[in-house]
Amino acid sequence: MKKHNNQSSSISGFARSCILIVLCSSFGNLMAQGTVAKDTTKKAVTVQDTAVAPVVKKKSFVKNTFDGNFIIDNQTVMVPIKGTFEFDIQHRFGTVNNGFSDLFGMFASATMKLGFNYTPVNNLQIGFDATNEKMEVDFNLKYAILKQTKDGSMPVSITYFGNAMADTRKKDATSIFVTFNDRLAYFNQIIIARKFSEGVSLQISPSYTHFNDLLGYLDASGKVMPKWNNDHYAISASGRFKVSEGMNLIANVDQPLSQHPLDNPRPNISFGIEMKTSGHDFEIFFGNYSSLMPENNALFNQNDYRKGQFLIGFNISRLWNF
């Protein structure tokens, strides 16, 4: 009996050892499964976080709405890229209505202007001009406020152009200048443009002109009366149609809005051809404006297109990038 009892105890101990081994194995499997599940959860969270990360899209702007700074007598909406230096030559002959007597204005008195512009930072151009008309000079500024985007989120481009002009002629007995301030005039314009396709671009430009001092006249009682108001408002519309790579048809209309006591300015209608290369822009055209400062054209133009008082003009621009 004693021997039998010892054998039973040995069997019971062996059974307990087997059960313990099974339990340990099961516990290890459960821990391993928990670790895998935990790692899987972490991986899932990481993948999810990557999937919802925001994607930042860079704005893409429409390029070459116009090919240069000028469209006949007006500025375009374009501002050259940073580091661009530009030299401009502008010329206006006499009106063609005298025919062969002055070779359609070629032998008549003409006006010319030399201009220098530079773009020191993105979207900002500064410049200086000088013309033989009244020995006038100006400092000007052009700033691109908004640009048309390719995705249509901004449908137009908007640019500001403004200048301050000074008449530098010597003071004499007929001069109206008392102080330096009397020599100054200002021009401000907002240019709104849209490129509709690779071939068609249009812009509209309201403007405001101010002269500090202007000529007047004496009425019957000897009182000095103004011929023009010091402030003048106008609007222009310009367009370009691309004929081929490097050649465009261009047109422009300038319409005065203000009324003055005498000598209301005449509207301007002009049309011509533009030829463009990588470093040059050349325009030749017919139009009514004979001045080269925007203030003078806006207030003093008396050439009437209904009387055939057109003239030949051209603009030449040369660009360098630094």
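Every number here is computed from the coordinates shown, using simple stated rules; none is lab data. All values derive from a computational prediction rather than experimental measurement. Note: ideal-geometry Cβ built from the backbone for every residue, glycine included; neighbour counts use all protein chains shown.
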Of the candidates N123, I71, A164, the farthest towards the positive dipole end of region 46-186 (Lys/Arg Cβ +1, Asp/Glu Cβ -1, centred on the Cα centre) is N123
Rounded to two decimals, the Rg over Rh value of region 151-247 from Cα coordinates and the Kirkwood Rh reads 1.19
The answer for the net charge of residues other than N123 whose Cβ lies under 11 angstrom from its Cβ, with Lys and Arg +1 and Asp and Glu -1, is +3
In the neighbourhood of I89 defined by beta carbon distances under 14 Å, the net charge of the other residues (Lys, Arg +1; Asp, Glu -1) is -2
Cβ-Cβ cut-off under 13 Å around P80, Lys and Arg +1, Asp and Glu -1: the net charge is 0
Filtering GluC sites (Glu not before Pro) in region 244-284 by DSSP loop and by at most 16 other Cβ atoms within 10 Å leaves E245
Expressed in angstrom and rounded, the centroid-to-centroid distance over alpha carbons for region 255-322 and region 136-155 is 21
Over 29 Å (Cα to Cα) among K142/K195; K113/K223; K82/K170; K57/K82; K195/K276 -> K113/K223; K82/K170
Given the candidates G105, G308, P206, the one whose Cα lies deepest towards the positive end of the charge dipole of region 70-321, counting +1 at each Lys or Arg C-beta and -1 at each Asp or Glu C-beta, is P206
Given unit charges at Cβ for Lys, Arg (+) and Asp, Glu (-), the dipole magnitude of region 70-321 about its Cα centre in debye, nearest 20, is 300
Using alpha-carbon positions, the gyration tensor of region 76-205 gives root eigenvalues a ≥ b ≥ c; with a/c under 1.5 called rounded, otherwise prolate if a/b exceeds b/c, else oblate, the class is oblate
Gyration tensor on Cα atoms of region 70-321, a ≥ b ≥ c root eigenvalues, a/c under 1.5 rounded, else prolate if a/b beats b/c, else oblate, says prolate
